[in-house]
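Here is the structure we will look at, set down as structure tokens.
Coordinate-derived values only; no laboratory data. Just so we're clear, the structure is a prediction, and the values are computed from it rather than from any experiment. Backbone-built Cβ (ideal geometry, glycine too); neighbour counts: all protein chains shown.
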Amino acid sequence: MVFRKLVYVLVIFGAQAASAESLLVASAANFTGAMRELVQEFQAQSGHRVRVSYGSTGKLYTQIENGAPFDLFLAADEARPLRAAKSGLAVAGTRFTYAIGQLVLWSPDRSGFKSGEQYLREGAFQRLAIANPKTAPYGAAAKEVLVGLGVWEQLKHKIVRGDSIAQTFQFTATGNAQAGLVAASQVTVGKYSEGSKWMVPAAYHVPLMQQAVLLKNGEGKKSGREFLGFLKGPQARAIIAKHGYALSEIPEAEKQDANVAR
């Protein structure tokens, strides 16, 4: 009896291994923490292997345009996945919002500031870190906030720009900048959850609707559609919310697709 059970387990494991695929994902840098946890869960459940390249959305999109062999694109905005779909780089009908990003002014110094808005208006700091507005959606949102507060011109000489939101966070965490406009996900869990924080009101910038899309390179891979389905499921959404993101409503039809994928 024990032998039969062992044979059954080996047969199932062998079938999963035979159908396992390797998936290459381009992911926005702000999603690094959540993505690592999501990949671990997805691999354990599906048997597929997932490799992720993190970077600014703009630079990742340029790589995709130049033929980088990514199967999935998890952007920090909705503009580039839409552009990918319109230009034929992505599979039509696969684009959806997997997370809504939240911008936060953060300093690792607990006594850094009490009012974030006042802190920015007074400008009594040497350096403020933001992501490059040209390539990083969080950087574009940060600039929009500073322009809206009327402090962009007076602070321009104090701003240090990171290539991505990950580098922006590092500038701040290491003290190269006294504060930074970073992703809430970077300071929601873990050792960097302490410090001074100001959650920037959503009305201060264009919503950071982070969208995912299946790229043409991954069109023939079952694993790509399974991962997108996994992202829409309750387990993945709980992980995403835990990392400091807001969630958009998933259409009922897509919820059913998520259940099938799981």
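Observations
- Most tightly packed first, judged by the mean number of other beta-carbon atoms within 10 Å of their residues, the peptides 93-100, 232-239 read 93-100, 232-239.
- Here the range 73-204 is treated with +1 on each Lys and Arg Cβ and -1 on each Asp and Glu Cβ, and its dipole about the Cα centre works out to around 200 debye.
- Close amide-amide hydrogen proximity is noted between residue 129 and 160, 179, 180, 181, each under 5 Å apart and 5 or more residues distant or on a separate chain (H modeled in the peptide plane; Pro and chain starts excluded).
- Convex hull volume per residue in cubic angstrom - Cα atoms of the chain: 138 Å³
- Here residue 44 and residue 92 are evaluated by their C-beta separation; at R0 = 25 Å the FRET efficiency comes out at 0.20.
- Dipole magnitude for the range 24-81: computed about the Cα centre from +1 point charges on Lys and Arg Cβ and -1 point charges on Asp and Glu Cβ, it is near 200 debye.
- Restricting the range 104-209 to GluC sites (Glu not before Pro) in coil, as DSSP defines it, with at most 13 other Cβ within 10 Å: 194
- A simple spin-label model places the labels of residue 202 and residue 241 1.4 nm from each other, with each point 7 Å out along Cα-to-Cβ.
- Screening the chain for whole DSSP H helices with an alpha carbon extent of at least 18 angstrom along the helix axis and a mean Kyte-Doolittle hydropathy of at least -1.0 yields 2-19, 32-46.
- Taken along the Cα-to-beta-carbon direction at a fixed 7 Å, the label points for residue 156 and residue 174 span 2.7 nm.
- Computed extension gain for residue 20 through residue 147, at 0.36 nm per residue and net of the alpha carbon distance, reaches 40.8 nm.
- Estimated translational D of the range 58-193 in µm²/s (Stokes, Kirkwood radius over Cα pairs; 4 °C; 1.567 mPa s): 81 µm²/s
- Straight-line cross-link reach from residue 143 at under 26 Å between alpha-carbon atoms covers these lysines, not counting any fewer than eight positions away in the same chain: 59, 114, 134, 156, 158, 197.
- A simple spin-label model places the labels of residue 194 and residue 53 3.8 nm from each other, with each point 7 Å out along Cα-to-Cβ.
- Extension gain, residue 249 to residue 216, is 9.3 nm, computed as 0.36 nm per intervening residue step minus the present C-alpha separation.
- Distances between placed amide hydrogens fall under 5 Å for residue 96 paired with 212, all partners being 5 or more residues away or on another chain.
- Positive-end extreme of charge dipole, the chain - chosen from 215, 93, 155 (charges on Cβ): 215
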